[in-house]
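Have a look at the structure below, then the notes.
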Amino acid sequence: MNQKIVRLPFLQNIINLVILGLIALVCAFPILHTLALSLSSAAAAASGRVTIWPVDFTTQSYTFVLENPAFIKSFGVSLLRVLVGVPVNMILTILVAYPLSRTIQKFQMRDFFAWFFLITVLFSGGLIPWYMVVRQTGLIDRFWALIIPGALPVFNVILLVNTFRNIPRELEEAAAMDGAGHWTILFKILIPMSIPILATLTLFVAVAHWNSWFDGLILMNSPDKYPLQSYLQTVIINPDPRFMSERDLALLQVISNRTTRAAQIFIAMIPIMVIYPFLQRYFVTGIKLGSVKG
Amino acid sequence: MQARSKFRQNIPLYIMLAPAVILVLIYSYTPMVGIVMAFQRVLPGKGIFGSPWVYWDNFKFVLQMPTFFQVLWNTLFIAGLKTIAGILVPVTVALMLNNVTSHAFKRTVQTVIYLPHFLSWVILAGIFIDILSPSDGVVNQILGWVGIHPIFFLGDDKVFPWTMVATDVWKSFGFGTIVYLSALTDIDPALYEAAVVDGASRWKQTLYITLPGIAGTIIMLTTLSLGNILNAGFDQIFNLYSPLVYSTGDIIDTLVYRTGILNNQYGVATAVGLFKSVVSLLLIGTAYKLAAKFADYRLF
């Protein structure tokens, strides 16, 4: 390892560590501050006494948030979209990656289909025509609007094609000699040999589904169909009183106070934090694959 | 016939592709047809078949909008600064981390700085709106301790673009750092050994071994980001801007959203979107050409 050879002089080493520590602190601080706010009393938050530790510790904000049916409802929508959307994404990714990983000798249409999908990354119709197509296909206000229009993550297909191509051809050829068809080769050889990258892609699409907010915001007309991030967008970031009843407005006053806001934000972060250790483990795999040359 | 038996053998491949092909035809290719709306005055309920043609009127309208060139400039300015900061900060942090001998310390710092990459801009906007508030935000409170007057980070149009760059760096530099770190670990340790034998100083080692070692990665990521120069970050700006900062913070994507989705001027919004798509396509094409030439990068 090169670290041993190029060890820094003592003083420089200390300065290096201190600066890195400060950088890490700057990264962690906003998140810790939000956690501290969510566990402090509203009065302590309002008087600006909260920095990194809770002041007048209370879990009242969480109780309040978890008793809000709209919050629970949208949390459920988000969970459901992850549970349904991730398998849909992954199945389509695998089914497209396999044919595109064939050689042109075996599958003459390979390049045609590769470009068919690649073009959609390079050029798009833009927001408005896309919105009108989704509306024409009758998905407005339907749960499936969150799943179907984005069902094929083309970039993940590219990563998986590269993975499949790096698996030694001899394995497939030997299987083909024994009479294995395409489905057998895909399920018995390629998929079992690509488990790490498949796990990585699964985590990535799960995070993407959990974090999506814009589709819910413009494709759902009634807020009770919003996924969590769209719901948070409307109550925390961009409350629009024009669309609210008086009861909702009164509720908004309470749920938009600082401690409840912080509690809602923190709850929305929890699923990401739970899978973060796994995300991190596969992170490097994913990045290295991204730069694999075809 | 050999060709026919080959086709029959490949029938499963077409079956595998079919669902995705249908979905992509509907949700990616049909909207491309919808681009004709850029040349129409789209009437509610008439769609793209019943609306009258206005040819280049929408584009003329866009060019005469007093804000259009300002918006274009804002987009380029914010995206350009983000690109530069998005190289400098991760490279510096990666070099610093590479000098750390304690594995536990290195790992902790890495864990902390990657996390924001996985959080959505809705969540981060919720956090930043709170901590950057001029009245009760903790950042201005801390600045107050050292005698700096409150800064309206999200409401002052002179500060807003810089706030966007800073918060974007905050979210994404951890991701960049890991990319450069993995490039750094690929450098042959023998090079450093040889340099030490030759009496090269730390600074010279960085200059002549480390930086050239990761130059390929830097060039590749920089050229690829060229294709994003009209993407100043819709998710971020949409969640953090307000009419107070339209003069410096409004970007092409937010303009399309407001004219199209909020004001229902579908034709005009599609025209602006088309302008962006075409310019982006040209830039992405150039970027991939350059990346292929300088860094031997291949997408497929």
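The values are calculated or read from the model by the stated rules, or taken from the named source; none is laboratory data. These numbers come from a predicted model, not from an experiment. Neighbour counts are summed over all protein chains in view; Cβ atoms, including those assigned to glycine, are modelled from backbone coordinates with ideal geometry.
Listed values, structure above:
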| quantity | calculated |
| --- | --- |
| Residue identified as surrounded by fewer than 17 Cβ atoms within 10 Å (Cβ to Cβ) and within 18 Å of A:Leu25 (Cβ to Cβ) among B:Leu119, B:Leu143 | B:Leu143 |
| Flag if A:Thr184 is β-branched (Val, Ile, Thr) and under 30 Å from A:Pro277 (Cα atoms) | no |
| Segment A:139-156, subset in a helix (DSSP H, G or I), at pLDDT 95 or above and crowded, with 20+ Cβ neighbours inside 10 Å, residue farthest from the other protein chains (Cβ to nearest Cβ) | A:Leu146 |
| Filtered residues of segment A:127-138 (kept if within 11 Å of chain B (Cβ to nearest Cβ) and out of contact with any Pro (no Cβ under 7 Å at 6 or more places or on another chain)) | A:Leu127, A:Ile128, A:Tyr131, A:Met132, A:Arg135, A:Gln136, A:Thr137 |
| Some residue of segment A:17-36 being more than 10 Å from every other protein chain (Cβ to nearest Cβ), in contact with a helix residue (DSSP H, G or I) (Cβ under 6 Å, 6 or more places away or on another chain), in a helix (DSSP H, G or I) and closer than 28 Å to B:Pro116 by Cβ | yes |
| Among the residues listed as B:Ile113, B:Ile22, the single one being crowded, with 18+ Cβ neighbours inside 10 Å and among the aliphatic types (A, V, I, L, M) | B:Ile113 |
| Failed item, numbered, when A:Leu79 is tested on (1) without any contact (Cβ under 8 Å) to a residue 12 or more places away in the chain; (2) assigned to a helix (DSSP H, G or I); (3) within 12 Å of chain B (Cβ to nearest Cβ) | (3) |
| Any hit, segment B:139-150, residues being more than 7 Å from chain A (Cβ to nearest Cβ) and at positive phi | yes |
| Residue among B:Leu154, B:Leu184, B:Leu191 that is crowded, with 16+ Cβ neighbours inside 10 Å, in contact (Cβ under 8 Å) with a residue 40 or more places away in the chain, over 22 Å from the mean Cα position of the chain (by Cα) and farther than 19 Å from B:His117 by Cα | B:Leu184 |
| Members of segment B:21-58 that are under 13 Å from A:Arg135 (Cβ atoms) and among the hydroxyl-bearing types (Ser, Thr, Tyr) | B:Tyr27, B:Thr30 |
| Single match in B:Val93, B:Val100 (criterion: over 30 Å from A:Thr260 (Cβ atoms), in a helix (DSSP H, G or I) and either of a type in the set (A, V, I, L, M) or within 22 Å of the chain's Cα centre (by Cα) (or both)) | B:Val93 |
